[in-house]
Amino acid sequence: MFPGIKIGLVISILMASTIFCFKASEAEQENKTFNYDNYAEVLKSYVDNQGMVNYKQLKANREKLDLFARQLPRLEEQTYKKWSDNDKIAFWINAYNGLTLKSIIDNYQIKSSFFKSRIYPKNSIRQITGVWDKNKHKVMSKDRTLEHIEHEILRKQFNEPGIHVALVCAAMGCPPLLNEPYFGDKLDEQFDDRTRRFLSDPKKFNIDRKKERVSLSPIFKWFGSDFVGKYGKEKTLLRLNKNETAVINYISRILEKDDRDYLLQGNFKIKYLDYDWSLNEQ
């Protein structure tokens with residue numbers, strides 16, 4: 001009866017639907033987690049299943065890693081704030097590990113110092129002056145050092161000791177580098193996998209029942225206090241202090257029953273192993 005009104009109504013409905021869809025899509029994009037495709041390709045191509053890195057090939061084909069590094073400053077803080085804690089933790093671990101890879105290839109092959117070589121291996125990240133506390137990287141439009149990411153953000157802002165089996169400072173003493181990015185929705189599973197891998201290396205963890213001794217990576221000594229919030233108990237294990245008790249509670253979750261039962265009795269002393277600063281190079 002009134003075709004003009006009907007057509008106008010249809011057009012209004014279509015326009016309203018389009019605007020609604022656009023806004024919904026915009027909101028979805030705003031809350032979407034970071035795109036790690038470039039970084040994933042780097043890890044898949046140049047990191048093997050043992051966590052060893054082919055730095056020579058990576059330096060020769062560094063485009064994807066550089067693209068990933070250029071993505072980091074573009075993340076907006078208001079978007080980041082809407083993420084879950086797990087998504088935030090995954091982002092900072094990926095940023096730290098990716099920027100560490102970049103720091104190595106920016107200086108590859110590493111030039112050793114006469115004096116530093118008396119303490120550290122010639123191919124060590126420790127030979128790169130200022131690599132942790134001076135060299136700055138743009139992340140979320142701010143200058144950050146690797147040290148700041150680790151100690152001021154990950155360790156201070158989140159009660160998650162699992163970061164210590166995921167952060168890799170390009171040394172053999174570190175946990176093996178995961179050859180895929182960390183993701184918020186897989187984070188607990190990835191941490192457990194990395195813990196198993198880390199503890200499977202006798203140079204990082206071993207039990208000697210005859211000597212009543214458990215040997216651990218010094219990572220668990222340096223950052224033992226980080227485990228207390230989640231895994232500490234009021235009553236410490238038999239021969240252990242507060243930090244050691246928390247660490248043992250953390251690692252025992254992953255072990256077979258016999259080893260777990262032995263550790264939770266606490267009738268042993270802890271020895272901290274030497275840390276290998278050699279480059280984690282294939």
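The values are calculated or read from the model by the stated rules, or taken from the named source; none is laboratory data. What you see is a predicted model; the values in this text were computed from it and never measured. Glycine also receives a Cβ, built like all others from the backbone with ideal geometry; neighbour counts cover every protein chain displayed. These area figures cover heavy atoms from the full protein model, side chains too; ligands, DNA and RNA do not enter into them. Shrake-Rupley method; radii C 1.70, N 1.55, O 1.52, S 1.80 Å.
Does Ser217 count as surrounded by 15 or more Cβ atoms within 10 Å (Cβ to Cβ) and touching a Gly at 6+ places or on another chain (Cβ under 9 Å)?
yes
What number of residues within region 145-162 satisfy the criterion of being farther than 19 Å from Ser103 by Cα and either surrounded by 15 or more Cβ atoms within 10 Å (Cβ to Cβ) or among the β-branched types (Val, Ile, Thr) (or both)? It would help to see each step written out before you state the result.
Looking only at region 145-162, we keep the residues that are farther than 19 Å from Ser103 by Cα, and these are 152-162.
So of that shortlist, the ones also either surrounded by 15 or more Cβ atoms within 10 Å (Cβ to Cβ) or among the β-branched types (Val, Ile, Thr) (or both) come out as 153-155, 158, 160-162.
Looking only at that region, the number is 7.
Checking the structure you have, find out if any residue of region 127-140 is open to solvent by 40 Å² or more (accessible area, probe 1.4 Å), among the basic types (Lys, Arg) and either farther than 23 Å from Pro181 by Cα or touching a Ser or Thr at 6+ places or on another chain (Cβ under 8 Å) (or both).
Among the residues of region 127-140, at least one is open to solvent by 40 Å² or more (accessible area, probe 1.4 Å), among the basic types (Lys, Arg) and either farther than 23 Å from Pro181 by Cα or touching a Ser or Thr at 6+ places or on another chain (Cβ under 8 Å) (or both), which makes the answer yes.
Against the definition (surrounded by fewer than 20 Cβ atoms within 10 Å (Cβ to Cβ) and more than 29 Å from Ser45 (Cα to Cα)), how does Arg209 come out, yes or no? Can you show your working first?
Details: surrounded by fewer than 20 Cβ atoms within 10 Å (Cβ to Cβ): yes; more than 29 Å from Ser45 (Cα to Cα): yes.
The answer is yes for Arg209.
Restricting the search to region 62-81, which residues are loosely packed, with under 13 Cβ neighbours inside 10 Å and farther than 20 Å from Lys136 by Cα?
If the condition is that a residue be loosely packed, with under 13 Cβ neighbours inside 10 Å and farther than 20 Å from Lys136 by Cα, then Gln78, Lys81 are the ones that fit.
Taking Lys204 as the residue in question, decide whether it is at pLDDT 95 or above and open to solvent by 60 Å² or more (accessible area, probe 1.4 Å).
no
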